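Each remark here refers to the structure printed beneath this line.
Every number in this text was worked out from the coordinates using simple rules, so none of it is lab data. Model, not experiment: these values are computed from the prediction. So basically every Cβ, Gly included, is an ideal-geometry build from the backbone, and we count neighbours across all protein chains shown.
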Amino acid sequence: MEFPKCPHCKNGVLIPFSSGKAFSEGTYPITYDIWTCTNDECQYHIYCRGTKAIYAKGEEE
Ligand SMILES: [Zn+2]
């Protein structure tokens, strides 16, 4: 499985984590809903909730 490159730092890749709630939010089952950059200095991460994706970086949000 290939992971997408981080759009923020362009060094790390985004690794999916399952939140454990992936199948509890209705009609759009998703296996993974949190993606985190592997670059420790970057901390870019994406939350996916159903069909919506929320992009976040560092300690914002
Ligand atoms: Zn990054």
For Lys52, Lys5, order by how many other beta-carbon atoms lie within 10 Å, fewest first: Lys52, Lys5
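Which FRET efficiency value, to the nearest 0.05, is calculated for Glu2 and Glu41 with the Förster distance at 25 angstrom and r the Cβ-Cβ distance? Working shown, then result.
Values: r = 23 Å, r/R0 = 0.90.
After rounding, the FRET efficiency stands at 0.65.
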Where does each of Tyr55, Tyr44 land when they are ranked from fewest to most other beta-carbon atoms within 10 angstrom? Tyr55, Tyr44
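If r is the Cβ-Cβ distance from Lys52 to Ile15 and R0 is 25 Å, what FRET efficiency results, to the nearest 0.05?
Numbers: r = 20 Å, r/R0 = 0.81.
Step by step, r from the Cβ atoms, then E = 0.80.
Can you tally the net charge around Thr38? Count Lys and Arg as +1, Asp and Glu as -1, for every other residue whose Cβ sits under 14 Å from the Cβ of Thr38. Don't skip to the answer; put the middle values down first.
Values: positive: Lys5, Lys10; negative: Glu2, Asp40, Glu41.
Value of the local net charge: -1.
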Interchain or long-range residues, amide H under 5 Å from Val13's placed H: Cys6, Thr38, Asn39
